[in-house]
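Structure first, then comments.
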Amino acid sequence: MSISLPPKSNSSIFNSKDFERTNEDVIISINKLNVKYEQHINELKNQIEKLTYLVYELQKINIRVDDKTTEITNGIQQIIENT
């Protein structure tokens, strides 16, 4: 994916020098992209941590539901056996 850089000046007269880029311009652009990349990576890490925590909480709920289901099933079985 290529990113076209805007002209350096806002002159209404076209000047090809406006489109020339120095090594410093390229380095600045790379550094800006790197900062954005790091921000996105950090945000993704935060989202992964949140999702991991949600999965953990859902697993705990599932265990409680399984425990209750087993308790109910045992109760029904006792009722059946006692009748």
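Quick check on the stretch 50-61. Is at least one of its residues modelled with pLDDT of 90 or more and among the acidic types (Asp, Glu)?
Looking through the stretch 50-61, at least one residue is modelled with pLDDT of 90 or more and among the acidic types (Asp, Glu).
State which residue is modelled with the lowest pLDDT when the search covers only the stretch 5-36 and only residues that are aliphatic (A, V, I, L, M) and within 30 Å of the chain's Cα centre (by Cα).
In this case the residue turns out to be Leu5.
The values are calculated or read from the model by the stated rules, or taken from the named source; none is laboratory data. Just so you know, these numbers come straight off a predicted model, no measurement behind them.
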